[in-house]
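Undergrad: So that we are looking at the same thing, I have put the structure below in structure tokens.
The values are calculated or read from the model by the stated rules, or taken from the named source; none is laboratory data. Predicted, not measured: the structure shown is a model, and the values here were computed from it. Heads up, the Cβs are rebuilt from the backbone with ideal geometry, glycines too, and the neighbour counts pull from every protein chain shown. These accessible areas exclude ligands, DNA and RNA; they are computed on the full protein's heavy atoms, side chains included. Shrake-Rupley method; radii C 1.70, N 1.55, O 1.52, S 1.80 Å.
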Amino acid sequence: MSRPRALDGIRVVDFSWVMAGPMATKMLGALGAEIIKIESTTRPEFAFREAWFAVINNNKRSCTLDIARPEAQAMIRDLVAGSDVVVENFKPGVIADMGFGYERLREMKKDIVLCSISALGQKGPLSSKPGYDYIAQAYSGVTSMIGEPDDAPYIPLVGMGDVSTGVHAALAIVSALRYRDRTGEGQHLDIALLDVYYHYHEANVHAYSGSDGAVKPTRAGRHMTYACPGGVFRGKGGYLVIMSFLHHWKDLCAAMGRPDLVDDPNFSTDLARLARRAEVVKLIEDWLLTFPDVPSAIAHMEKHQVPVAPVLSVVETTQHPHHRARGTVRTVHDRLAGDFDMPGMPLKFSRF
């Protein structure tokens, strides 16, 4: 018999589509909530659509409705009256135009929690603009930090903003439910991809502000701009990531057989190494070429506790024994898409 899960007994009406909203409700469903997805009469067309749809909408029930019809709206009102949460990620204002804005939802269920997910937020000068992940990423300054310094910025071919905004939204929903349980009050949550992306600036914003503008963070290619060495290094036949700044510099020096660099004033601190970053990178990459291949270089560095990893392809991740052992990659069966691999649940619990 399965153990109860954290959100058993919670019902969520899910109007969301594309990625960020469905990721939020997917997380809630994995935690035990009953998700009722309200679908329109058409689904968006994407490459590998059936597998994509199954990945973001597992742990959910669905109901296809023409929301413009009065009988469909009556069904939704009944659903909301028996639910705890409504999630939507339309352009701001659309859910209200449909007749299901927060004040109307409160008439159906006084303590309802409405989570509105958007690219740029429900309020502010940009709020009326349509947008997706990379639009919010561009406004956040994150896109400007990706790529080579003398070329156009790049975009990462992963749903980083959508997925992480969905997780942030799920956290906000769980927090709002906790607040409701203590006070009896629901609320309207405003979760924006832009805000989540901006939260990723672990050093850039305060580096600029704290230096009175002297530091202007921008993309720097393969290597970090505020610690050294840290980044992507060329080995024989491939690439690897080495993060040997701070106290790990001595570990890398030991691995390279260069203990003399530990106390050398030209290399002993991160600031000193940053001033000579090109020299540090060449020193490390020349040393890496003495190994027959990337795996042997990694094995040697791991003996010295150097933080290092191979740059795996997507194909290689699906076959990696660690990913399989943890359920990071799992194989599922879908009645339309067949058997395929998908990312597993990232949260691990000891009780359920």
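For (1) open to solvent by 10 Å² or more (accessible area, probe 1.4 Å); (2) among the acidic types (D, E); (3) under 22 Å from I35 (Cα atoms), each residue gets a yes or a no:
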position: R104; (1), (2), (3): yes, no, yes
position: E107; (1), (2), (3): yes, yes, yes
position: K110; (1), (2), (3): yes, no, yes
position: V113; (1), (2), (3): no, no, yes
position: I117; (1), (2), (3): no, no, yes
position: K129; (1), (2), (3): yes, no, no
position: Y134; (1), (2), (3): yes, no, no
position: M145; (1), (2), (3): yes, no, no
position: D150; (1), (2), (3): yes, yes, no
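Undergrad: Right, another one. Could you go through region 31-40 and let me know if any residue there is modelled with pLDDT under 90 and over 14 Å from C115 (Cβ atoms).
TA: Looking for residues that are modelled with pLDDT under 90 and over 14 Å from C115 (Cβ atoms), one finds at least one in region 31-40, hence yes.
Undergrad: Now for a separate question. Could you list, in sequence order, the residues of region 124-160 that are free of Cβ contacts under 8 Å to residues at least 60 places away in the same chain and part of a helix (DSSP H, G or I)?
TA: Of everything in region 124-160, those that are free of Cβ contacts under 8 Å to residues at least 60 places away in the same chain and part of a helix (DSSP H, G or I) turn out to be Y134, I135, A138, Y139, T143, M160.
Undergrad: Give just the number: which of (1) touching a residue at least 12 places away in the same chain (Cβ under 8 Å); (2) over 21 Å from D66 (Cα atoms) does A81 not satisfy?
TA: Unmet for A81, out of (1) touching a residue at least 12 places away in the same chain (Cβ under 8 Å); (2) over 21 Å from D66 (Cα atoms): (2).
Undergrad: Do we find that A30 is in contact (Cβ under 8 Å) with a residue 60 or more places away in the chain, surrounded by fewer than 18 Cβ atoms within 10 Å (Cβ to Cβ) and closer than 19 Å to F349 by Cβ in this structure?
TA: No, not satisfied.
Undergrad: Could you tell me whether any residue of region 317-330 is touching a Ser or Thr at 6+ places or on another chain (Cβ under 6 Å) and part of a strand (DSSP E or B)?
TA: yes
Undergrad: Condition first: open to solvent by 70 Å² or more (accessible area, probe 1.4 Å), farther than 30 Å from M27 by Cβ and of a type in the set (D, E, K, R). Can you find one or more residues in region 244-253 that meet it?
TA: Yes, because at least one residue in region 244-253 is open to solvent by 70 Å² or more (accessible area, probe 1.4 Å), farther than 30 Å from M27 by Cβ and of a type in the set (D, E, K, R).
Undergrad: Next up: Out of (1) of a type in the set (G, A, S); (2) modelled with pLDDT of 95 or more; (3) open to solvent by 60 Å² or more (accessible area, probe 1.4 Å), what's the single condition that is false for S350?
TA: Single failed check for S350: (2).
Undergrad: For region 101-110, state whether one or more residues are under 24 Å from D190 (Cα atoms), touching a residue at least 40 places away in the same chain (Cβ under 8 Å), out of contact with any Ser or Thr (no Cβ under 9 Å at 6 or more places or on another chain) and basic (K, R).
TA: yes
Undergrad: Exactly one of these conditions fails for Q305: (1) open to solvent by 80 Å² or more (accessible area, probe 1.4 Å); (2) more than 15 Å from H248 (Cβ to Cβ). Give me its number.
TA: All conditions pass for Q305, except number (2).
Undergrad: Give me the pairs: first residue in region 198-227 and buried (at least 16 other Cβ atoms within 10 Å of the Cβ), second residue acidic (D, E) and assigned to a loop (DSSP other than H, G, I, E, B), beta-carbon distance under 8 Å, and six or more apart or on different chains, which are they?
TA: R219/E148
Undergrad: Let me ask you something else. Would you check if there is a residue in region 11-19 being at pLDDT 95 or above, open to solvent by 60 Å² or more (accessible area, probe 1.4 Å) and in contact with a strand residue (DSSP E or B) (Cβ under 8 Å, 6 or more places away or on another chain)?
TA: yes
Undergrad: Of all residues being of a type in the set (S, T, Y) and closer than 30 Å to R104 by Cβ in region 173-197, which is most open to solvent (accessible area, probe 1.4 Å)? Just the residue, please.
TA: Top of the filtered list is Y179.
Undergrad: Shifting gears a bit: Restricting the search to region 317-342, which residues are open to solvent by 60 Å² or more (accessible area, probe 1.4 Å), without any contact (Cβ under 8 Å) to a residue 12 or more places away in the chain and within 20 Å of W52 (Cβ to Cβ)?
TA: Matches in region 317-342: T331, H333, R335, D339.
Undergrad: Has region 42-51 got at least one residue that is over 27 Å from E185 (Cα atoms), surrounded by 15 or more Cβ atoms within 10 Å (Cβ to Cβ) and not charged (D, E, K, R)?
TA: yes
Undergrad: Being of a type in the set (V, I, T), assigned to a helix (DSSP H, G or I), more than 21 Å from L120 (Cβ to Cβ) and within 23 Å of the chain's Cα centre (by Cα) narrows it down to one residue among V163, V174; which is it?
TA: One residue alone meets the criteria, V174.
Undergrad: Just give me the residues in region 261-295 being farther than 15 Å from S244 by Cβ and touching a Lys or Arg at 6+ places or on another chain (Cβ under 8 Å), in sequence order.
TA: N266, L289, F291, P292, D293, V294
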